[in-house]
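Visitor: Below are the structure tokens for one structure; questions will follow.
The values are calculated or read from the model by the stated rules, or taken from the named source; none is laboratory data. Not measured: the values here are computed from a predicted model. Neighbour counts run over all protein chains shown; Cβ positions are idealised from the backbone, glycine included. Heavy atoms of the whole protein, side chains included, go into the accessibility calculation; ligands, DNA and RNA do not. Shrake-Rupley method; radii C 1.70, N 1.55, O 1.52, S 1.80 Å.
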Amino acid sequence: MIVCRANGGEKVVRTLGPGDSFGEEGVFLENMESLVSAQATSALFLLHISKDSMLSLLERDPAFAMRMLSNMSRRVYTLLKDIESYTLKSATQRVVDYFLEHAQLQDGGQFRFNTNKALVASLLNITPEHFSRIMRELCARKLITVEGRDVYIPDPVRLQAYETLESG
């Protein structure tokens with residue numbers, strides 16, 4: 001996970017999966033303080049590529065440079081979408097969006113947390129306690145069911161409709 005830390009607090013900015021990269025901005029920005037750090041939450045294989053090697057590869061391989069620019073642009077876009085979400089959507093809307101975006105819509109929309117709920121809450125810019133209250137409310141309305149780390153969405157269309165009603 002990529003984390004911002006300031007004034008003793010921390011905010012999860014994004015999580016990483018297989019094949020993901022991070023820290024590319026350090027190749028292009030001179031003498032800039034790093035705003036984020038990475039923290040492993042599970043076993044991983046990490047490959048570090050030096051700045052000189054990366055610059056050489058970018059010069060030799062335009063297709064690689066384009067993929068890197070595309071990935072960095074996608075991250076900037078995602079950060080802008082996150083800012084939009086934090087400022088224009090309620091916490092409940094953000095949780096519903098997260099479930100619908102990450103749900104496996106086959107088998108009735110089963111979604112399994114692959115990380116702890118506090119990390120997901122931080123990604124959504126809400127406290128773990130508020131996240132738990134939203135989860136209880138969604139359960140009480142039978143929009144989701146929770147069994148341990150598993151969240152089931154029996155009717156994704158109904159959950160989406162609740163999000164729309166919630167925002168109105």
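Visitor: If one takes the longest principal axis of the Cα atoms in the chain, at what angle in degrees, from 0 to 90 and to the nearest 10, does the Cα axis of helix 128-140 lie?
Guide: Taking the Cα atoms of the chain, the angle to 128-140 is about 40 degrees.
Visitor: Still on this model: For SER34, SER90, give the ranking by accessible area with the largest first, probe 1.4 Å. Working shown, then result.
Guide: Values: SER34 80, SER90 40 Å².
I get SER34, SER90, largest accessible area first.
Visitor: Need one number for the chain: average projected area of the convex hull over its C-alpha atoms, nm².
Guide: It is 12.2 nm².
Visitor: Which distance in nm do the two modelled labels at GLU30 and ARG74 give, with both placed 7 Å along the Cα-to-Cβ direction?
Guide: Calculated label separation equals 3.1 nm.
Visitor: Where only protein heavy atoms count, and the probe is 1.4 Å, what is the accessible area per residue for the chain in Å²?
Guide: 67
Visitor: Follow-up question, since we're still on this one. Can you tell me the dipole magnitude for the chain around its Cα centre, using point charges on the Cβ only (Lys, Arg +1; Asp, Glu -1), in Debye to the nearest 20? The partial results should precede the final answer.
Guide: Numbers: 19 positive and 21 negative charges, 82 e Å.
Roughly 400 debye for the chain.
Visitor: Loop-only check: which chymotrypsin sites (Phe, Trp or Tyr not before Pro) in the stretch 16-95 are DSSP coil with at most 13 other Cβ within 10 angstrom?
Guide: PHE45
Visitor: Moving on. Return the Cα extents of the stretch 110-166 along principal axes one, two and three, sorted largest first, each rounded to a whole Å.
Guide: Computed over the Cα atoms, the extents are 26, 22, 17 Å.
Visitor: What is the spread of the Cα atoms of the stretch 1-95 along each of their three principal axes, largest first, in whole Å?
Guide: Taking the Cα atoms of the stretch 1-95, the three principal extents are 47, 29, 26 Å.
Visitor: If you average the sequence gap of Cα pairs under 8 Å that are 6 or more apart and divide by the length of the chain, what percent do you get for the contact order?
Guide: 20
Visitor: Towards the positive end of the charge dipole of the chain, with charges on Cβ (+1 Lys, Arg; -1 Asp, Glu), say which of ALA121, TYR77, PHE22 has the farthest Cα.
Guide: Looking along the dipole axis, the top candidate is ALA121.
Visitor: Looking at the stretch 22-108, which GluC sites (Glu not before Pro) are in a loop (DSSP not H, G, I, E or B) and have at most 11 other Cβ atoms within 10 Å?
Guide: Qualifying residues, ordered by number: GLU30, GLU33.
Visitor: Which one, ALA40, ALA121, ALA63, has the greatest fluctuation when you compute a Gaussian network model over the chain with C-alpha springs under 10 angstrom?
Guide: In this elastic network of the chain, the residue with the biggest mean-square fluctuation among ALA40, ALA121, ALA63 is ALA63.
Visitor: Tell me, which longest segment in the chain has none of the trypsin sites (Lys or Arg not before Pro) that fall in DSSP loops with at most 14 further Cβ atoms within 10 Å?
Guide: Counting at most 14 other Cβ atoms within 10 Å as exposed, the longest clean stretch of the chain is 1-140.
Visitor: Quick one: helix 51-60 against the long Cα principal axis of the chain, what's the angle to the nearest 10°, folded into 0 to 90?
Guide: For 51-60 against the chain, the angle is about 80 degrees.
Visitor: Just name one of VAL146, GLY9, GLN39: the one whose Cα is farthest towards the positive end of the charge dipole of the chain (beta-carbon charges, Lys/Arg +1, Asp/Glu -1).
Guide: The listed residue farthest towards the positive side: VAL146.
Visitor: With the full set of protein chains in place, find how many percent of the accessible area of the stretch 38-168 is carbon and sulfur; take the probe as 1.4 Å.
Guide: 56
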